[in-house]
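The values are calculated or read from the model by the stated rules, or taken from the named source; none is laboratory data. The structure displayed is predicted, hence computed values, not measured ones. Cβ: placed from backbone, ideal geometry, glycine included. Neighbour counts: every protein chain shown.
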Amino acid sequence: MTTTHGDARLVLATHNAHKIVELRAILTPLLPGLAEGAVVGAADVGAAEPVEDGVTFAENALIKARALAAHTGLPAVADDSGIAVDVLGGAPGIFSGRWSGRHGDDEANLRLLLAQLSDVRDEHRAAAFVCAAALVLPDGAEHVREGRLAGTLLRAPRGDGGFGYDPILRPDGHERTCAELDPEEKNAISHRGRAFRALAPLVVETLLR
């Protein structure tokens, strides 16, 4: 199909190519003919990563999207996500990626969380992946949508797929962990997918202007 909005551009505040692919996959059914270069990442525009000093997922997502919109003069989408454990009062929350003290050490973060919950009975091991997705426009307009994936934390990792805490969260209604689901299955129910899909109509409206 010939597109009439091929010159429209949106910047995703991430250096993760997977997230760019994911957002494009969500938008494509809503925008047939979406140009390959319509959605680009922060690295493509030479943007530095801002300090994420917010105290909620939404605040951190907005910090990233605001910085990228200001840097490029283009609409920007950002997300922030993590795991919230009921018996820990919602922690690790925004500290999920550095729970062990070293940012991005998935294995250490997972081991520490399991150790902290070692004496917690199965019926009290509820948790959820949470994602806030933000859209910031050059004119200052801002929109935030949230997605959640509730489940139960297992006592040992299962599965080789995914990343982060995926091997220990079994989504409600499923027998497998997020790390055992096929990518298509995971994307259909994931917190990030839900947040992006909730934000998608606003993104589409922006691209069609």
Only unsatisfied item for Pro157, checking (1) in contact (Cβ under 8 Å) with a residue 12 or more places away in the chain; (2) under 27 Å from Leu62 (Cα atoms), is (2)
Looking at the stretch 126-144, can you tell me whether even one residue there is among the charged types (D, E, K, R) and crowded, with 17+ Cβ neighbours inside 10 Å?
no
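Can you find a residue that is within 30 Å of Gly73 (Cβ to Cβ) and at pLDDT below 95 anywhere in the stretch 179-190? Give the steps one after another, and end with the answer.
Let us first name the residues in the stretch 179-190 that are within 30 Å of Gly73 (Cβ to Cβ), namely none.
No: zero hits.
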Under 6 Å between Cβ atoms, which residue pairs at least 6 apart in sequence (or on different chains) link something in the stretch 100-125 that is closer than 16 Å to Asp86 by Cα and in contact (Cβ under 8 Å) with a residue 24 or more places away in the chain with a partner that is assigned to a helix (DSSP H, G or I) and among the aliphatic types (A, V, I, L, M)?
Val120/Val87; His124/Val87
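Please go through the stretch 102-154 and pick out each residue that is in contact with a Ser or Thr (Cβ under 8 Å, 6 or more places away or on another chain) and over 30 Å from Gly73 (Cβ atoms). Spell out how you get there, then give the answer.
If we filter the stretch 102-154 for residues that are in contact with a Ser or Thr (Cβ under 8 Å, 6 or more places away or on another chain), which is where we start, we get 108-109, 111-112, 122, 125-127, 129-132, 135, 137, 147, 149, 154.
Hits for the stretch 102-154 are Ala108, Asn109, Arg111, Leu112, Asp122, Arg125, Ala126, Ala127, Phe129, Val130, Leu149, Leu154.
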Would you be able to say whether some residue in the stretch 52-67 is out of contact with any strand residue (DSSP E or B) (no Cβ under 6 Å at 6 or more places or on another chain), closer than 21 Å to Arg24 by Cα and in contact (Cβ under 8 Å) with a residue 60 or more places away in the chain?
no
Inside the stretch 150-170, can you point out the residues that are over 13 Å from Arg111 (Cβ atoms) and not hydrophobic (A, V, I, L, M, F, W, C)?
Gly151, Thr152, Arg158, Gly159, Asp160, Gly161, Gly162, Asp166, Arg170
Output the number of residues of the stretch 147-164 satisfying the condition of being surrounded by 19 or more Cβ atoms within 10 Å (Cβ to Cβ) and under 10 Å from Arg192 (Cα atoms).
2
Among the residues of the stretch 179-206, write down those that are over 30 Å from Asp139 (Cα atoms) and either surrounded by fewer than 17 Cβ atoms within 10 Å (Cβ to Cβ) or under 14 Å from the mean Cα position of the chain (by Cα) (or both).
Asp182, Pro183, Glu184, Glu185, Lys186, Asn187, Ala188, Ile189, Ser190
For the stretch 119-151, which positions are over 22 Å from Ile94 (Cβ atoms) and at pLDDT 95 or above?
Asp119, Arg121, Asp122, Glu123, His124, Leu137, Ala141
